[in-house]
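The values are calculated or read from the model by the stated rules, or taken from the named source; none is laboratory data. A quick note: this is a predicted structure, and the numbers were derived from the prediction, not measured. All Cβ positions, even for glycine, are placed from backbone atoms using ideal geometry, and neighbour counts span all protein chains on display. Protein only, heavy atoms only, side chains kept; ligands, DNA and RNA dropped before computing areas. Shrake-Rupley method; radii C 1.70, N 1.55, O 1.52, S 1.80 Å.
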Amino acid sequence: MNRQGIGELISEAVAVFIIIAFGDSVACMYVLYDPSPYVNAYWGVCIAWGLAVTIAIYVTGSVSGTHANPAVTFALALFRGFPWKKVIPYSIAQVIGGFIGAAVVYLLFSPVIDHYNQVHQLTREAGGAAGVFFTHPGLAITPMHALMDQVVLTAFLLFGIFAITEQYNEMAPGANSGALMIGFLVATIGASMGYLEAWAINPARDFGPRLFAYFAGWGSSALPAPDNYWWIPIVGPLIGGVIGGAAYQWLIYPFLPARQRALQTQSGKAV
């Protein structure tokens with residue numbers, strides 16, 4: 001692998017590291033403190049996650065494009081010509097970034113985690129405070145329903161990302177503001193649907209911290225997790241990303257006026 005390829009993998013790891021370092025930290029603020037600073041301001045949690053994504057894009061976008069999500073990488077390979085040979089390396093780098101990001105969150109909040117578990121008579125092995133690292137089903141949500149949710153939520157994510165980054169979309173944000181809009185998209189998904197199962201919508205966002213938590217004492221509560229849940233935030237987003245990307249490519253992309261004009265210009269030159 002050449003120097004640029006290595007740089008792209010580092011960039012992807014750094015992007016997910018940034019997202020998890022801020023995102024899981026705000027989860028700690030939300031869960032571990034009583035009263036929580038976000039108890040009546042859940043939007044603050046969502047916007048913190050969204051801005052973490054925005055920051056990650058501004059830091060790493062020029063190097064790797066900031067996929068920061070295996071579902072994004074997979075969809076871009078399917079529909080936007082991203083090289084298939086890079087899909088697995090990118091995905092591994094993203095998971096590594098999530099693992100390291102969770103380690104930093106643990107470094108910062110481990111005393112607070114232990115205090116929370118002690119006060120609530122919980123243990124790590126029983127899943128105490130595990131929700132600050134990885135996702136799990138919310139109120140009345142079964143694992144299979146969570147799988148469907150993750151498909152739908154990630155489809156919304158990729159549909160929006162494709163629209164925001166489409167060169168022929170004349171309504172797409174300009175002047176490098178696309179990163180901010182993608183952050184707002186993530187925040188909006190969380191604000192409207194996040195309580196279902198904490199809106200993973202990203203296999204690396206869930207599995208990297210889950211893997212770290214497994215080694216940090218949460219054991220089987222992290223992997224394989226109750227009801228063998230660990231695979232759902234991986235498979236659901238991968239399926240949803242394909243559906244969202246396909247929906248944009250089939251329902252919107254063919255009808256973009258700028259694309260139609262470009263095709264007419266090309267056909268005129270060909271004549």
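Got the relative contact order for the chain handy, in percent, Cα pairs under 8 Å and 6 or more residues apart?
Value for the chain: 27 percent.
Between segment 49-94 and segment 132-167, what is the separation of their alpha carbon centroids in Å?
That distance is 17 Å.
Give, in nm to one decimal, the length gained when the segment between Leu122 and Glu170 is fully stretched (0.36 nm per residue of separation minus the Cα-Cα distance).
12.0 nm
Nearest 500 deg cm²/dmol is fine: what mean residue ellipticity at 222 nm does the chain get from its DSSP H runs of n ≥ 4 alone, each adding -39,500 (n - 2.57), divided by its residue count?
-23000 deg cm²/dmol
Highest mean first, how do 11-17, 132-138, 212-218, 116-122 rank when packing is the count of other Cβ atoms within 10 Å averaged over residues?
11-17, 132-138, 212-218, 116-122
In whole Hz, with x marking every Gly and Pro, tabulate ³J(HN,Hα) for segment 215-228 from phi via Karplus 6.51 cos²θ - 1.76 cosθ + 1.60, θ = phi - 60°.
7, 8, x, 7, x, 5, 6, 8, 9, x, 6, x, 6, 6
Just grab the label-to-label distance for Val235 and Leu139, each label 7 Å out from Cα along the Cβ direction, in nm (one decimal).
The two pseudo-label positions are separated by 2.8 nm.
Considering only C-alpha atoms, what is the centroid distance from segment 227-243 to segment 8-46, in Å?
21 Å
May I ask you to give the percent of accessible area on segment 1-45 that is carbon plus sulfur, with a probe radius of 1.4 Å?
That fraction is 65 percent.
Please identify the DSSP H helices in the chain that span no less than 24 Å along the helix axis (Cα) and have a mean Kyte-Doolittle hydropathy of 0.0 or more.
TM-like helix candidates: 3-32, 42-64, 87-119, 143-165, 232-251.
Val186: net charge of surrounding residues, Cβ under 15 Å, Lys/Arg +1, Asp/Glu -1, itself excluded?
That sum, taken over residues with Cβ under 15 Å, equals -1.
Quick one: compute the contact order of segment 159-271, relative version, from alpha carbon pairs under 8 angstrom and 6+ residues apart, as a percent.
It comes to 28 percent, rounded to a whole number.
Give, as a single signed number, the net charge of other residues whose beta carbon lies under 12 Å from the beta carbon of His145, with Lys and Arg counted +1 and Asp and Glu -1.
-3
If you count only protein heavy atoms with a 1.4 Å probe, what accessible area per residue comes out for the chain, rounded to a whole Å²?
48 Å²
Rounded to a whole number, what % of the accessible area of segment 111-195 do carbon and sulfur atoms account for, probe 1.4 Å?
C and S atoms contribute 65 percent here.
Please give the peptides 20-31, 247-258 ranked by average Cβ packing (other Cβ atoms within 10 Å per residue), highest first, as a rough proxy for protection.
Per-residue mean Cβ counts within 10 Å order the peptides as 20-31, 247-258.
For Cα pairs less than 8 Å apart in space and 6+ apart in sequence, what is the mean separation divided by the residue count of segment 1-80, i.e. the relative contact order in percent?
Result for segment 1-80 is 42 percent.
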